[in-house]
1. Condition first: buried (at least 18 other Cβ atoms within 10 Å of the Cβ), out of contact with any Ser or Thr (no Cβ under 6 Å at 6 or more places or on another chain) and among the basic types (Lys, Arg). Can you find one or more residues in segment 117-130 that meet it?
2. Just to be sure before I move on: is ILE38 β-branched (Val, Ile, Thr) and free of Cβ contacts under 8 Å to residues at least 12 places away in the same chain in the structure I sent?
3. Provide a single number: the residues in segment 9-38 that are hydrophobic (A, V, I, L, M, F, W, C) and in a helix (DSSP H, G or I).
4. Which condition number does ALA114 fail, the rest of (1) at pLDDT 90 or above; (2) out of contact with any Cys (no Cβ under 7 Å at 6 or more places or on another chain) being met?
5. Looking only at segment 188-196, decide whether some residue is assigned to a loop (DSSP other than H, G, I, E, B) and surrounded by fewer than 14 Cβ atoms within 10 Å (Cβ to Cβ).
6. Kindly indicate whether any position in segment 132-151 is surrounded by 19 or more Cβ atoms within 10 Å (Cβ to Cβ) and outside any loop (DSSP other than H, G, I, E, B).
7. Could you list, in sequence order, all residues of segment 58-67 that are surrounded by 11 or more Cβ atoms within 10 Å (Cβ to Cβ) and either farther than 22 Å from SER133 by Cα or at pLDDT 95 or above (or both)?
8. Among the residues of segment 149-182, which ones are on the phi > 0 side of the Ramachandran plot and touching a helix residue (DSSP H, G or I) at 6+ places or on another chain (Cβ under 9 Å)?
Amino acid sequence: MLSRKKTMSKINYLEDWPTHYYDIPTPSLRKEYLEQAIASNLDPDHDLCRMELLKKRFGMKGKKDSGDSFMFAWIMIKSAALAEDNLLIKKQKRELDKYVEDLCLRSFVSASPAMKQVLEEEWTDFARRYILSCIKSKNYSSTFFGIIPLQYETIARKLADEIDLVTRFYPDMFDAAQDFIPLRRMFMDAYYQLVDDADLYWSE
């Protein structure tokens, strides 16, 4: 699995914009460069979409960086799916609907071509960051309170199973699997890019 990061400290993020946009390390710094790009009219249609999604994904209400709402929605869907609490189906449906909105899944259908492109890029960034965070996490890649590391194959299958659970099996319980198709595609693409021999562990 790929786990190394390139050194981005010397990159001119505005050069060849927006090639290095998702290499900008923090949401607040990303916002600063976006504002400069918009002021310089570098990629006006897409940059306005990027700013809208940046604010929706990270809040950006204050000067401090907020949490990733995409990440939060994913984790909450995963938790609900693993809980298997069939007594609270209506509540689960309401919560899933909220997370679908938080992930911008329903708005994707009617979005402009520019917004669709940027949203797919945003989902790709999220998918890559999530998969890499799982690979590096001791809790995710080990067992018995983080003491015993899992084998490579076990981690790869665990990730594939999780993507299936969050983007297909659980939403299908509420007739929402169709909404997750674009996000599922981005996660599958990221999985195949970041996991060696991914086709050995993925089964459609």
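The values are calculated or read from the model by the stated rules, or taken from the named source; none is laboratory data. Values in this document were obtained by computation on a predicted structure and should not be read as measured data. A quick note on method: Cβ atoms are made from the backbone with ideal geometry, for glycine too, and the neighbour counts reach across all protein chains shown.
1. Checking segment 117-130: at least one residue is buried (at least 18 other Cβ atoms within 10 Å of the Cβ), out of contact with any Ser or Thr (no Cβ under 6 Å at 6 or more places or on another chain) and among the basic types (Lys, Arg).
2. Spelling it out, it is not the case that ILE38 is β-branched (Val, Ile, Thr) and free of Cβ contacts under 8 Å to residues at least 12 places away in the same chain.
3. 4
4. The one condition ALA114 does not meet is (2).
5. Yes, segment 188-196 has at least one match.
6. no
7. MET60
8. Residues satisfying the conditions do not exist here.
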